1. Across the stretch A:97-122, what is the total count of residues that are under 18 Å from A:Pro53 (Cβ atoms) and more than 11 Å from chain B (Cβ to nearest Cβ)?
2. So is B:Ala180 touching a helix residue (DSSP H, G or I) at 6+ places or on another chain (Cβ under 6 Å), over 17 Å from B:Ala34 (Cα atoms) and either surrounded by fewer than 20 Cβ atoms within 10 Å (Cβ to Cβ) or among the polar types (S, T, N, Q) (or both) or not?
3. If a residue counts only when it is of a type in the set (S, T, N, Q), which strands (runs of 3 or more DSSP E) contained entirely in the stretch A:72-156 have at least 1 such residues?
4. In the stretch B:28-41, which residues are at the interface with chain A (Cβ under 7 Å from one of its Cβ atoms) and not charged (D, E, K, R)?
5. If you scan the stretch B:181-197, which residues turn out to be touching a strand residue (DSSP E or B) at 6+ places or on another chain (Cβ under 8 Å) and not aliphatic (A, V, I, L, M)?
6. So, of the residues in the stretch B:64-121 that are farther than 22 Å from B:Lys189 by Cα and loosely packed, with under 14 Cβ neighbours inside 10 Å, which turns out to be nearest to the other protein chains (Cβ to nearest Cβ)?
7. Kindly indicate whether B:Leu187 is more than 8 Å from every other protein chain (Cβ to nearest Cβ) and under 14 Å from B:Asp26 (Cβ atoms).
8. Are any of the residues in the stretch B:128-146 farther than 19 Å from B:Leu61 by Cβ, away from chain A (no Cβ under 12 Å) and β-branched (Val, Ile, Thr)?
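Just so it is clear, none of the values below were taken in a lab; they were calculated from the coordinates. Since we're looking at a predicted model, the values are computed, not measured. Please note: Cβ atoms are built from the backbone with ideal geometry, for glycine as well, and neighbour counts cover all protein chains shown.
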Amino acid sequence: MVWKKSDDPPTQHPEPTPAPRPMTASAPTPSPAPMSAANEPPRRSSTNATIGPSIFIKGDLSGEEDLVIEGRVEGKVDLKQNNVTIGKNGRVRADVFGKVVIIEGEVDGNVFAREQAILRQAGAIRGNITAPRVMLEDGSRFKGSIDMEAPKETGGNASRHSDREANRPEATGVKATA
Amino acid sequence: MSWFSSRGSGPRKEQGRVQTEVVEPDVHRSLALAALCEEIRRRKLQVLDLGSAVGSNVEFLSQYGCKLFIEDLYAALSSRAPGEGELAGPNFFAEFLSLPEDTRFDVVLAWDLFDYLQRKELAAFSEQLRNLTNRGALIFALVSYHKTIPAQPYRFRIKDEQHLIYERRTGADRPSPRLAPAEVTGLLKGFRVDRSFLLKHGIQEYLLVRE
């Protein structure tokens, strides 16, 4: 009998783990279809640090764990490596830095998200959002600008007008020019 | 913090009776949108969206990596105080678009808002737009040739590069100004029609270019 060393890993039956929900920073599809549960970022985790509704913090916040803000914060929220959630009761007058930033309350300031910024239906932002992916739910209130980094290089800076003339699409409808 | 007006989505005074009935949205082909997307994909542009914030539009535009400014013109017009007069003048528009001095847009999404401005308002607004746009900047606008238009502007959702979803926000109607092409260019001084498409459903799409 020849003993053959198996290349297979030892047979184990680990506990099945749920597939991680990706927080992708890839370019979104142009489809307006709502995000499915599979690619929706996590809303909350039980391990989040929480600033409760009765707490008011004036100053800068930084750390290395996910944070939920349900109270008031004035200053700066700097958690670039972690997720930041401004809860429904949260009122933030500050610039917010995070990996995924979710806003369900109100933010008066700029939002910088390394992966994604999400403005939920009840949320409001007056300020600018900088993130590769931005999701605004219908009914949310937003006043400001959204700076979305280009997912890939998109050509040079050739004369736009001459390109426009060269690439003018064929119109199948009636064309009228003043 | 109460910097968002609760009156923002309401109708302007002159629109008359407003019903709560909301009609199912229509999907229409958009030739001007397809042409506009060709422009946007070339380089990182600054885009001014004068409509309300629509999540799917933001998601659509995010694929082009542009910088998007959202300034809801109709909401701002609707929330004007009663004492501010019937017509919005240059001061209103200057305050409405009070952006950093070096802000210049390459694309303005005006949607159907020209139909909701009085002619004098449109002329005043175009002056402000001229100050905030680069030479060659494009305005995307839709003008109705119907006798009536919805009492409030449509909410437009970009379905894809060639289709727009028109969502009515009210069942009530108001008279349409029926702006003719010559009127549009006459009122929007400093802009000329780059491309224009008359669509089957009575909407004229414009791409106006800043001279």
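1. 4
2. Details: touching a helix residue (DSSP H, G or I) at 6+ places or on another chain (Cβ under 6 Å): no; over 17 Å from B:Ala34 (Cα atoms): yes; either surrounded by fewer than 20 Cβ atoms within 10 Å (Cβ to Cβ) or among the polar types (S, T, N, Q) (or both): yes.
The answer is no for B:Ala180.
3. On the way: elements: A:72-79, A:84-86, A:91-103, A:106-108, A:111-119, A:124-126, A:133-136, A:141-147.
In the stretch A:72-156, A:84-86, A:111-119, A:141-147 are the strands (runs of 3 or more DSSP E) which contain 1 or more residues that are of a type in the set (S, T, N, Q).
4. Step one: list which residues in the stretch B:28-41 are at the interface with chain A (Cβ under 7 Å from one of its Cβ atoms), which gives B:31, B:34-35, B:38-39, B:41.
Across the stretch B:28-41, the qualifying residues are B:Leu31, B:Ala34, B:Ala35.
5. Here is the first cut: in the stretch B:181-197, the residues touching a strand residue (DSSP E or B) at 6+ places or on another chain (Cβ under 8 Å) are B:181, B:184-185, B:188, B:190-197.
The answer is B:Pro181, B:Thr185, B:Gly190, B:Phe191, B:Arg192, B:Asp194, B:Arg195, B:Ser196, B:Phe197.
6. Among those that are farther than 22 Å from B:Lys189 by Cα and loosely packed, with under 14 Cβ neighbours inside 10 Å, it is B:Pro100.
7. Details: more than 8 Å from every other protein chain (Cβ to nearest Cβ): yes; under 14 Å from B:Asp26 (Cβ atoms): no.
Against the criterion (more than 8 Å from every other protein chain (Cβ to nearest Cβ) and under 14 Å from B:Asp26 (Cβ atoms)), B:Leu187 does not qualify.
8. no
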